[in-house]
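Notes to accompany the following structure.
The values are calculated or read from the model by the stated rules, or taken from the named source; none is laboratory data. In this text, all values refer to a predicted model and were calculated from it rather than measured experimentally. Counting neighbours? That spans all protein chains shown, and the Cβs are built from the backbone with ideal geometry, glycine included.
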Amino acid sequence: MDEFSYLSILISIVLGFGVTNLLTGMAALVRARANTKMYWPVPVWMVTLFLILTLNWWAMFGLRTVGHWNFFAFFIVLLQPTLLYLSTALIVPNLSERSPIDLRVDYNRHARWFFGVLAAQICVSLAKDVVLYGQLPHRTNLAAHLLFLVLLAMGSSIRSELFHKTGAPLGLALIVVYIASLFLTLD
């Protein structure tokens, strides 16, 4: 077993926890629909996170070409899926806490942390390229990272419901365009 095959096991486990959390949360929302006041940005962000987690796992395949690993490089790589998992924990409502639940109230309670953790994940993604390859990603990828970072910083600081109802589908559209532009094939 080569170094990356060994290291990728833990990365896959953490990403799997994030996917499990999202799928379990979505199923719980469906089961609790009679006692849940829906706020549609929540399931949109959950779908967006599912795509981001899947993309993260997909893109990690490219790390197989890294010739030498050290603990710091692995820690930076592992930090990205860890932050993604934390973002799933912040967007998926805890339906066992109370019933009925108002998803808008729950979303607003955790929005700053949710967007802050996702913004930190973008910063870690950029740091990962610097640590592993000694440079930032190419121009298109860097521009997409910065665009996501701006959206997430705005989501963390803006309380406007109109912004959040616009930002959720915008985030989903951005990740779909990002995947279609840069990650359709496994490199």
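Is it the case that some residue within the range 84-95 is outside any helix (DSSP H, G or I), more than 18 Å from the chain's Cα centre (by Cα), surrounded by fewer than 20 Cβ atoms within 10 Å (Cβ to Cβ) and not small (Gly, Ala, Ser)? Spell out the reasoning first.
Our first condition is that a residue be outside any helix (DSSP H, G or I); within the range 84-95, this holds for 92-95.
Filter once more, keeping what is more than 18 Å from the chain's Cα centre (by Cα): 94-95.
Keeping just the survivors that are surrounded by fewer than 20 Cβ atoms within 10 Å (Cβ to Cβ) gives 94-95.
Restricting the remaining residues to those that are not small (Gly, Ala, Ser) gives 94-95.
Scanning the range 84-95 turns up at least one residue that is outside any helix (DSSP H, G or I), more than 18 Å from the chain's Cα centre (by Cα), surrounded by fewer than 20 Cβ atoms within 10 Å (Cβ to Cβ) and not small (Gly, Ala, Ser).
Determine, yes or no, whether Ala119 is aliphatic (A, V, I, L, M), over 17 Å from Leu15 (Cα atoms) and free of Cβ contacts under 8 Å to residues at least 40 places away in the same chain.
Numbers: aliphatic (A, V, I, L, M): yes; over 17 Å from Leu15 (Cα atoms): yes; free of Cβ contacts under 8 Å to residues at least 40 places away in the same chain: yes.
Answer is yes for this residue.
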task: Taking the residues in the range 167-187 that are outside any helix (DSSP H, G or I) and free of Cβ contacts under 8 Å to residues at least 24 places away in the same chain as candidates, determine which candidate is nearest to Thr48 (Cα to Cα).
output: Leu184
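If the requirement is being small (Gly, Ala, Ser), in contact with a strand residue (DSSP E or B) (Cβ under 9 Å, 6 or more places away or on another chain) and in contact (Cβ under 8 Å) with a residue 24 or more places away in the chain, which of these qualifies: Ala59, Ala32? Quick ask: steps written out before the conclusion?
Numbers: Ala59 fails: in contact with a strand residue (DSSP E or B) (Cβ under 9 Å, 6 or more places away or on another chain).
One residue alone meets the criteria, Ala32.
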- request: For Ile76, indicate whether it is more than 12 Å from the chain's Cα centre (by Cα), exposed (fewer than 12 other Cβ atoms within 10 Å of the Cβ) and part of a helix (DSSP H, G or I).
  value: no
- request: Kindly indicate the residue of the range 1-36 that is surrounded by fewer than 18 Cβ atoms within 10 Å (Cβ to Cβ), at pLDDT 95 or above and polar (S, T, N, Q) and also farthest from Thr54 (Cα to Cα) among those meeting that condition.
  value: Thr24
message: For the range 37-54, give me the residue count where each residue is in contact (Cβ under 8 Å) with a residue 40 or more places away in the chain and either exposed (fewer than 14 other Cβ atoms within 10 Å of the Cβ) or more than 23 Å from Thr166 (Cα to Cα) (or both).
response: 3
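I'm trying to understand the selection: among the residues of the range 25-65, which are assigned to a helix (DSSP H, G or I) and basic (Lys, Arg)? Before you say what the answer is, go through the steps one by one.
Start the filter on the range 25-65 by keeping residues that are assigned to a helix (DSSP H, G or I), which leaves 25-31, 33-35, 41-65.
Listed by number, the residues that qualify are Arg31, Arg33, Arg64.
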statement: Ile122 meets each of (1) in contact with a helix residue (DSSP H, G or I) (Cβ under 6 Å, 6 or more places away or on another chain); (2) over 17 Å from Ala73 (Cα atoms); (3) crowded, with 17+ Cβ neighbours inside 10 Å with one exception, condition (2)
- request: Consider only pairs whose beta carbons are under 9 Å apart and that are at least six residues apart or on different chains; among these, list those whose first residue lies in the range 139-166 and is β-branched (Val, Ile, Thr) and whose second residue is surrounded by 15 or more Cβ atoms within 10 Å (Cβ to Cβ).
  value: Thr140/Leu182; Ile158/His164; Ile158/Gly167
